[in-house]
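The structure under discussion appears below in the form of structure tokens.
The values are calculated or read from the model by the stated rules, or taken from the named source; none is laboratory data. Remember, predicted model here, so these are calculated numbers, not experimental data. Cβ placement follows ideal geometry from the backbone for every residue including glycine, while neighbour counts extend to all protein chains displayed.
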Amino acid sequence: MATRDYVKRGKAPRKPTRNTKKQPPKPAFPFKWAFLALILVAGFGYGLYYLSTSEPPAEPVVETKPAKPTVKPQKKDEKVIPPKPEEKWSYIEELENKEVKVEASEPELSSRPYLMQCGAYRSASQADERKAMIAFQGLESHIKTSQGEKGLWYRVVLGPYPMKREAERDRNLLRRAGIEPCAIWYWN
């Protein structure tokens, strides 16, 4: 019996399906409504323009004959500058003569100085690298060695600072340079 190759035979091509349903017609652009909206917007715009350019109606003029003219009649070519109006506000003089008193409290001085630690490392070479990075920022630091539960630690320390504000200033300088984290503590 002959062997048949069913893999190469493949499937029969599908016949295209026919849509027997008719699609509903696309709605036409509503020209009537668009024209009506355009007319309304144009009318509203003309109304605003008319209101902004028209002058208010004049009051009826009652003619009276003055006994004697008090002001000389001006020539039509001359332009009269009205007198400078007097200021009715008094705050200008008040502000010039006002004094403000501010009570500034002096910062509290701590009895203990502060230190800033910018890293604790297992190897002296890592601590020296951090010390060099801090020195490039113009600050002086030193390395303290301490014996902990897990062995010898090399701590990079700055200070002592008499006020915490000075330590915060240096910490912000180091943070802008990308040297983080630095902690501020009391000096032991």
Across the stretch 136-188, what is the total count of residues that are more than 30 Å from the chain's Cα centre (by Cα) and assigned to a helix (DSSP H, G or I)?
2
Within the stretch 86-107, does at least one residue satisfy the condition of being among the aliphatic types (A, V, I, L, M) and surrounded by 10 or more Cβ atoms within 10 Å (Cβ to Cβ)?
no
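Residue-wise test of (1) modelled with pLDDT of 80 or more; (2) under 30 Å from R165 (Cβ atoms).
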position: T3; (1), (2): no, no
position: G10; (1), (2): no, no
position: P24; (1), (2): no, no
position: L36; (1), (2): yes, no
position: P60; (1), (2): no, no
position: E63; (1), (2): no, no
position: K75; (1), (2): no, no
position: V100; (1), (2): yes, yes
Filter result for the condition that a residue is at pLDDT 95 or above and either of a type in the set (G, A, S) or not in a loop (DSSP other than H, G, I, E, B) (or both), over S125, S110
S125
Per-region count, the stretch 111-149, residues loosely packed, with under 14 Cβ neighbours inside 10 Å and in contact (Cβ under 8 Å) with a residue 60 or more places away in the chain:
1
May I ask you to verify whether K164 is among the charged types (D, E, K, R) and either in contact (Cβ under 8 Å) with a residue 12 or more places away in the chain or buried (at least 17 other Cβ atoms within 10 Å of the Cβ) (or both)?
yes
All but one of (1) over 26 Å from S110 (Cα atoms); (2) at pLDDT 95 or above; (3) not basic (K, R) hold for L158; state the number of the condition that does not hold.
(1)
